[in-house]
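Accompanying notes for the structure given below.
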Amino acid sequence: MTDFDIIIIGAGPAGLTAAQYGARANLKVLVIEKLSYGGQALVIDVLENYPGFLEQKSGFEFAVNLHQQAENFGAVFLSGSVCSLKKENGIFLVNLEDGSILRASAVIMATGAKPRLLDVPGEKEFSRKGVSYCATCDGNFFKGKKIFVVGGGDAACDEARYLSRLTDKVILIHRRDSFRAQKSLVERTLKNPNITVRYNTIIKEIKGDNKVKSVILADTVTANTDVSAYEEETDAVFIFAGTVPQVSLVSTADFKIELDENGYIITDQKMATNITGLFAAGDVRSGVFRQVVTAAADGATAAHNAAGYLDAN
């Protein structure tokens, strides 16, 4: 006897959509989230390219609506932290931080990913003291200030554009000679008069006292970056250098889950992992394109196929 048909770990767009589809299939669904419902969608300033949205909507509004939809269909939500996951006799045991154990016939991992660190001196020391990974969270503290943005993907371009509404001194640096972001985002970024772009540039160190005061920059084209290094004053550093998948729950002796070379969970087209009954959806899953719409699609697919797995067993 299980407590739930499906337990979903993580409540970003993938987890919330999976909850909606699972509950609509008349399954007993529980979603466990240790932070806020919505995941990384919460920090999206304007969600402008989601299909069917004629008017722009904030990521926060979108997350609230997703959560409400899932609840309306009967999904149950629990605020808590999962400390371990096991499978015994065909049943998944979800161990919570408070010591309780929940049982489910199927589990959907929708734990997402967290920001990748630059791993340079000063980054951790000045976190929340001028170093940030979320423009919509911390940008208002630096109105009219000089800001460095690090990265070359969609997130870096989006966040630089958001910050450019707060100050005309945004410097976007990228270690390569071209951006990997979508072409339309790159074009708007390059045309923005408040954003200066510097290619082939990296941060070697972040300096300050009780807050960020300067950065040590270097040219990546130069073989010896120490020779090309120079210091420049700044008030803040916003870092968008990719993400790290949250797979610790299934990277244990209890599971021999298949991961790709970057540590993301490998699934088939049904979102099924190599562990029977365990599915993965969203940013934690191996893929080449990570957007809110693809996360939602993953969640719907995972829930649909988890329901099929339950019917067959």
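The values are calculated or read from the model by the stated rules, or taken from the named source; none is laboratory data. These figures come from a predicted structure and were not determined experimentally. Cβ sites come from the backbone with ideal geometry, for glycine too, and all protein chains shown count toward neighbours. Side chains are part of the model used for accessible areas, which takes the heavy atoms of the whole protein and leaves out ligands, DNA and RNA. Shrake-Rupley method; radii C 1.70, N 1.55, O 1.52, S 1.80 Å.
Can you give me the Rg/Rh ratio for the chain, using Cα atoms for both radii and the Kirkwood formula for Rh?
Numbers: Rg = 21.2 Å, Rh = 20.8 Å.
Looking at the chain, the ratio lands at 1.02.
Rolling a 1.4 Å probe over the protein heavy atoms leaves Lys28 with an accessible area of roughly 110 Å².
Taking all protein chains together and rolling a 1.4 Å probe, Leu96 ends up with roughly 10 Å² accessible.
Measure up Lys57/Lys207; Lys169/Lys204; Lys34/Lys191 against 32 Å on the Cα-Cα distance and list the ones that go over. Provide the component values of the computation, followed by the final result.
Values: Lys57/Lys207 37 Å; Lys169/Lys204 21 Å; Lys34/Lys191 40 Å.
Checking Cα-Cα distances, Lys57/Lys207; Lys34/Lys191 exceed 32 Å.
Each of Ala295, Ala218, Ala110 was placed along the dipole of the chain (beta-carbon charges, centred on the mean Cα), and the one lying farthest toward the positive end is Ala218. Annotation for segment 292-308 versus segment 50-112: alpha-carbon center distance of 12 Å.
Work out which chymotrypsin sites (Phe, Trp or Tyr not before Pro) in the chain are exposed loop sites (DSSP not H, G, I, E or B, at most 13 other Cβ within 10 Å) and give the longest gap free of them. Please list the in-between numbers first.
On the way: sites that count: Phe53, Phe289.
Of all site-free stretches, the longest is 54-288.
Computed from point charges on the beta carbon alone (+1 for Lys and Arg, -1 for Asp and Glu), the dipole magnitude for segment 122-164 about its Cα centre is near 280 Debye.
Quick note on segment 97-207: its Rg to Rh ratio, both from C-alpha atoms and Rh being the Kirkwood radius, is 1.10.
The lysines within cross-link reach of Lys28, meaning a Cα-to-Cα straight distance under 23 Å and a gap of 8 or more places when in the same chain, are Lys86, Lys87, Lys270.
Which of the helices in the chain meet the span-like rule: DSSP H, Cα axial reach of 27 Å or more, Kyte-Doolittle mean at least 0.0?
Working: long enough: 292-312 (30 Å, 0.53).
Counting only whole DSSP H runs, the qualifying helices are 292-312.
Across Gly90, Gly139, Gly12, mean-square fluctuation computed from a Gaussian network of the chain (C-alpha pairs under 10 Å connected) peaks at Gly90.
Straight-distance candidates among the aspartates and glutamates for linking to Lys211, with alpha-carbon spacing under 20 Å and chain neighbours fewer than 8 residues away dropped: Asp119, Glu123, Glu125, Asp138, Glu231, Glu232, Glu233, Asp235. Only Lys, Arg, Asp and Glu carry charge here, each on its Cβ (+1 for the first two, -1 for the last two); on that basis segment 16-117 has a dipole of about 440 debye about its Cα centre.
Other residues lying with their Cβ under 11 Å from the Cβ of Arg290 contribute a combined charge of -2, Lys and Arg counting +1, Asp and Glu -1.
Can you tally the net charge around Glu48? Count Lys and Arg as +1, Asp and Glu as -1, for every other residue whose Cβ sits under 10 Å from the Cβ of Glu48. For residues surrounding Glu48, the net value is -2. Note on segment 9-27 and segment 140-196: Cα centroid distance 34 Å, given to the nearest whole angstrom.
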